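Reading through the structure tokens given below for one structure.
The values are calculated or read from the model by the stated rules, or taken from the named source; none is laboratory data. Model, not experiment: these values are computed from the prediction. Virtual Cβ from ideal backbone geometry, glycine too; neighbours counted across all protein chains shown.
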Amino acid sequence: MGSNDDQIAQVEHHFGVRFPQDYRDFLGTTGSLSQFVPPADDFLVIDALAELIGINEAGEFQKRFPGAVVIGGDGSREPLAYDFRQDTPPLVTLDVSAENWSSAIYQAPSLSALLGQFPHTGWKWDDTDSAHS
């Protein structure tokens with residue numbers, strides 16, 4: 001377990017953030033996820049810790065979305081990211097072709113909330129799908 005904690009700390013240091021505890025716990029137990037989730041029948045990907053730096057650098061997400069750390073997505077064009085511009089970073093989706101935060105769509109306040117609601121709601125595709133603060 002100590003080794004995994006060290007790897008998490010290294011990735012956090014790379015991005016200059018501290019991941020929320022539920023995400024840290026997910027990384028330490030489940031690690032990653034890539035599957036269709038019934039009954040919503042939407043595809044959900046949560047990337048492995050070892051892939052995070054490469055994925056974020058390849059997409060130049062920090063340049064286009066300062067404060068974003070992509071952790072997964074829908075397996076296609078919509079990366080799932082933490083929005084670290086906020087003190088308690090929510091999860092949002094970002095269109096891979098977007099140039100800035102204007103197209104971000106709020107998904108959930110935490111990974112635990114996302115995983116709990118996802119089977120019922122699937123992905124939210126516009127801001128009218130959710131009331132957030």
Inset, instruction - Go through region 93-111 and give me each residue that's without any contact (Cβ under 8 Å) to a residue 24 or more places away in the chain and assigned to a strand (DSSP E or B). - result: Ala108
Inset, instruction - Could you list, in sequence order, all residues of region 49-106 that are among the acidic types (Asp, Glu) and either in contact with a strand residue (DSSP E or B) (Cβ under 8 Å, 6 or more places away or on another chain) or crowded, with 20+ Cβ neighbours inside 10 Å (or both)? - result: Asp74, Glu78, Asp83
Inset, instruction - Report the residue count in region 1-14 for those that are in a loop (DSSP other than H, G, I, E, B) and either small (Gly, Ala, Ser) or touching a residue at least 40 places away in the same chain (Cβ under 8 Å) (or both). - result: 0
Inset, instruction - State which residue pairs qualify: first residue part of a strand (DSSP E or B) and inside region 30-43, second residue surrounded by 15 or more Cβ atoms within 10 Å (Cβ to Cβ) and not hydrophobic (A, V, I, L, M, F, W, C) in any location, beta carbons under 6 Å apart, and separation of 6 or more residues or different chains. - result: Asp42/Gly122; Phe43/Asp74
Inset, instruction - Would you confirm whether any residue within region 94-111 is touching a helix residue (DSSP H, G or I) at 6+ places or on another chain (Cβ under 9 Å) and under 27 Å from Ser3 (Cβ atoms)? - result: yes
Inset, instruction - Say whether the condition of being at pLDDT 95 or above and either more than 26 Å from Thr121 (Cα to Cα) or touching a Gly at 6+ places or on another chain (Cβ under 9 Å) (or both) is met by at least one residue in region 24-31. - result: no
Inset, instruction - Considering every residue within region 15-26, establish whether at least one is assigned to a helix (DSSP H, G or I), in contact with a Leu (Cβ under 9 Å, 6 or more places away or on another chain), hydrophobic (A, V, I, L, M, F, W, C) and without any contact (Cβ under 8 Å) to a residue 40 or more places away in the chain. - result: no
Inset, instruction - Tell me, please, whether a residue that is within 24 Å of Gln7 (Cα to Cα), in contact with a strand residue (DSSP E or B) (Cβ under 7 Å, 6 or more places away or on another chain) and not in a loop (DSSP other than H, G, I, E, B) can be found in region 115-133. - result: no
Legend entry - Filter result (assigned to a helix (DSSP H, G or I) and within 12 Å of the chain's Cα centre (by Cα)) within region 44-54: Leu49, Leu52
Inset, instruction - Please state which of the following conditions Gln21 fails to meet, knowing it meets all the rest: (1) surrounded by fewer than 19 Cβ atoms within 10 Å (Cβ to Cβ); (2) closer than 20 Å to Gln7 by Cβ; (3) under 13 Å from the mean Cα position of the chain (by Cα). - result: (3)
